[in-house]
1. Considering the stretch 56-72 alone, what residues qualify as being open to solvent by less than 80 Å² (accessible area, probe 1.4 Å), without any contact (Cβ under 8 Å) to a residue 60 or more places away in the chain and under 23 Å from residue 141 (Cα atoms)?
2. Yes or no: residue 97 among the basic types (Lys, Arg) and at pLDDT 80 or above?
3. How many residues are within 21 Å of residue 158 (Cβ to Cβ) and hydrophobic (A, V, I, L, M, F, W, C) if we restrict to the stretch 64-82?
4. Taking residue 79, is it surrounded by 13 or more Cβ atoms within 10 Å (Cβ to Cβ) and modelled with pLDDT under 85?
5. Suppose the filter is modelled with pLDDT of 90 or more and of a type in the set (Phe, Trp, Tyr); does residue 138 pass it?
6. Are there strands (runs of 3 or more DSSP E) fully within the stretch 98-179 with at least 1 residues that are within 21 Å of residue 55 (Cα to Cα) and open to solvent by 70 Å² or more (accessible area, probe 1.4 Å)? List them.
7. Can you tell me which residues in the stretch 82-96 are of a type outside the set (Lys, Arg) and either surrounded by fewer than 21 Cβ atoms within 10 Å (Cβ to Cβ) or over 23 Å from residue 128 (Cβ atoms) (or both)?
Amino acid sequence: MQKFQKYYARSYVLFLFYGLLLSIIGLSERKVLCQQNITTSKPNKALSHLAASKGSYRVLLTVDQITLTDKEEAESYWGNSSLHPKIVKALRIWQGKESVESPRSAFSDLSNINHIWFTRVRKGCVLHIDGGDALLSYEASIAITDKGGVVKRTVRAGETPDRYYETTQYVTKDEPAGG
């Protein structure tokens, strides 16, 4: 009987540890939502894809590690001071089955992405991109309208979000009738 109790207690502890491990993995998966590494044809180089969705919106970020030669160029990326940053190479957004146009300037200076997620707003949604680490952390917000376009991007420094930030407004002008 005593042998059975020791076995049962050991099994229970292992079961609790396994449950804790699964919950930790589950939490990290919920934050990133979807991440897969795809190896390219070049050795020692991998592209990462981060994906998120909210309602009819979906996004796919392609991240690639690059090598820079100039420290000043390295510091021009949000969330980076290294000569080997992981930068955003592509951003694809869909609303339902329609592709949403996203200007290159909305993502090309972001690096070292940690998490991405959507929030719904009155006339569209906002894609949030969290990146960097500690003093170099940042949060980028890319606003997308239900009419299918990126209209605004704001990037705020993680440590001092009200002091250091930049905002870009995107305007799409319709062509005049007959011209």
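The values are calculated or read from the model by the stated rules, or taken from the named source; none is laboratory data. Please read these numbers as outputs of a predicted model, since none were measured by experiment. Using ideal geometry, Cβ is built from the backbone for each residue, glycine included, and neighbour counts are taken over all protein chains shown. To get the accessible areas, we keep the full protein, side chains included, count just its heavy atoms, and leave off ligands, DNA and RNA. Shrake-Rupley method; radii C 1.70, N 1.55, O 1.52, S 1.80 Å.
1. Residues of the stretch 56-72 open to solvent by less than 80 Å² (accessible area, probe 1.4 Å): 56-57, 59-64, 66, 68, 70.
Filter again for without any contact (Cβ under 8 Å) to a residue 60 or more places away in the chain, leaving 56, 60, 62-64, 66, 68, 70.
Correct list: 56, 60, 62, 63, 64.
2. On the way: among the basic types (Lys, Arg): yes; at pLDDT 80 or above: yes.
For residue 97, the condition - among the basic types (Lys, Arg) and at pLDDT 80 or above - is met.
3. 2
4. Values: surrounded by 13 or more Cβ atoms within 10 Å (Cβ to Cβ): yes; modelled with pLDDT under 85: no.
The answer is no for residue 79.
5. Values: modelled with pLDDT of 90 or more: yes; of a type in the set (Phe, Trp, Tyr): yes.
Yes: the conditions hold for residue 138.
6. Details: elements: 98-100, 113-121, 124-131, 138-145, 149-157, 165-169.
Per the criteria, 98-100, 113-121, 149-157.
7. Once the filter is applied, which keeps residues that are of a type outside the set (Lys, Arg) and either surrounded by fewer than 21 Cβ atoms within 10 Å (Cβ to Cβ) or over 23 Å from residue 128 (Cβ atoms) (or both), the stretch 82-96 yields 82, 83, 84, 90, 94, 95, 96.
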